[in-house]
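Read the structure below first, then the notes.
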Number of protein chains: 2
Amino acid sequence: MSISLRKSRYTYENLIERKAFTVNVPSAAQVKIADYCGIFSGRNEDKFARAGITAVKGDFVDAPYIKEFPMALECKLSSITDVGIHTHLIGEIMDVKVEESMLDNDGMPDIHKINPIIYAPEIQGYFGVGEFLGRAFAIGKEIK
Amino acid sequence: MSISLRKSRYTYENLIERKAFTVNVPSAAQVKIADYCGIFSGRNEDKFARAGITAVKGDFVDAPYIKEFPMALECKLSSITDVGIHTHLIGEIMDVKVEESMLDNDGMPDIHKINPIIYAPEIQGYFGVGEFLGRAFAIGKEIK
């Protein structure tokens, strides 16, 4: 799992100190909470309390995840690379947690149940997931 | 721009030799071409010819981009990190090319016109972009 952060962010300090982070996937219905978390800093306010979300201690790393979001990944920091004004961080995924009601019949995460948010930074817009287009490593075989 | 590749891939060899790569964004209507390119190796066949796409020499880096796809990024390789069976590569974006008909009124890439593909690797499925959910750095301000 790779992410990029500015060094000035509160998240960055915590992440470097704990050598761990979690990636929490909100559903479309939680888009306001996600946006709120991106606007305000945990340095100045208790974001969990204000957004009505709950911090749960990670099982595998020293970082909290968000109880109310349908999916969370626990990551152990493994690499740090400076890239311009951001720092690029790689984490080894130690655990993937998905709400049981969000799984499909094969026990895999169902993208339409989780209904994650797509972010288009160039226009600062959030979007949902659209229609199923096809099966990977399959539909391309039609090209001969 | 960061990507991950297996060292055994033909793409990896080319990328390391040229110290450059392009990221080409297909539209939903081109999903079979994208999948075909992911299944077969350029070591064994001329993928451009077979898929009916055209390689154009990059303007800023020594790598080709795909003429028929609505968006392409030219990237100069800047960092290489081994991560398990994959290698994680960071490229500095030297140019962003977007088909003019795919821009919005402000001259920015329009996500619904480009209509890119979302890949869900856990179920090997391709999906389209869904409905607009809200404006970033804006809707979260409603949380007080």
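The values are calculated or read from the model by the stated rules, or taken from the named source; none is laboratory data. Computed from a predicted model, the values in this text were never measured in an experiment. As a convention, Cβ positions derive from the backbone with ideal geometry for all residues, glycine included, and neighbour counts pool all protein chains shown. These accessible areas exclude ligands, DNA and RNA; they are computed on the full protein's heavy atoms, side chains included. Shrake-Rupley method; radii C 1.70, N 1.55, O 1.52, S 1.80 Å.
Cβ-Cβ distance below 7 Å, separation of 6 or more or different chains: which pairs start in region A:16-33 with a residue that is on the phi > 0 side of the Ramachandran plot and end on one that is at pLDDT 95 or above?
The qualifying pairs are A:Lys19/A:Lys76; A:Lys19/A:Leu77.
Hey, any hits in region A:130-140 for a residue that's in contact with a strand residue (DSSP E or B) (Cβ under 8 Å, 6 or more places away or on another chain), within 30 Å of B:Lys76 (Cβ to Cβ) and either polar (S, T, N, Q) or without any contact (Cβ under 8 Å) to a residue 24 or more places away in the chain (or both)?
Scanning region A:130-140, I find at least one residue that is in contact with a strand residue (DSSP E or B) (Cβ under 8 Å, 6 or more places away or on another chain), within 30 Å of B:Lys76 (Cβ to Cβ) and either polar (S, T, N, Q) or without any contact (Cβ under 8 Å) to a residue 24 or more places away in the chain (or both), so the answer is yes.
Do we find a residue being more than 10 Å from chain A (Cβ to nearest Cβ) and in contact with a strand residue (DSSP E or B) (Cβ under 6 Å, 6 or more places away or on another chain) anywhere in region B:37-53?
Yes, region B:37-53 contains a residue that is more than 10 Å from chain A (Cβ to nearest Cβ) and in contact with a strand residue (DSSP E or B) (Cβ under 6 Å, 6 or more places away or on another chain).
Scan the strands (runs of 3 or more DSSP E) fully inside region B:57-144 and keep the ones with 2 or more residues being open to solvent by less than 90 Å² (accessible area, probe 1.4 Å) and at the interface with chain A (Cβ under 10 Å from one of its Cβ atoms).
B:71-83, B:86-98, B:118-120, B:125-135
Please verify whether B:Asp95 is of a type in the set (Asp, Glu) and more than 17 Å from the chain's Cα centre (by Cα), treating the condition exactly as stated.
So B:Asp95 fails the test.
Which numbered condition in (1) more than 17 Å from the chain's Cα centre (by Cα); (2) open to solvent by less than 20 Å² (accessible area, probe 1.4 Å); (3) of a type in the set (Val, Ile, Thr) is the only one that A:Val31 fails?
Single failed check for A:Val31: (1).
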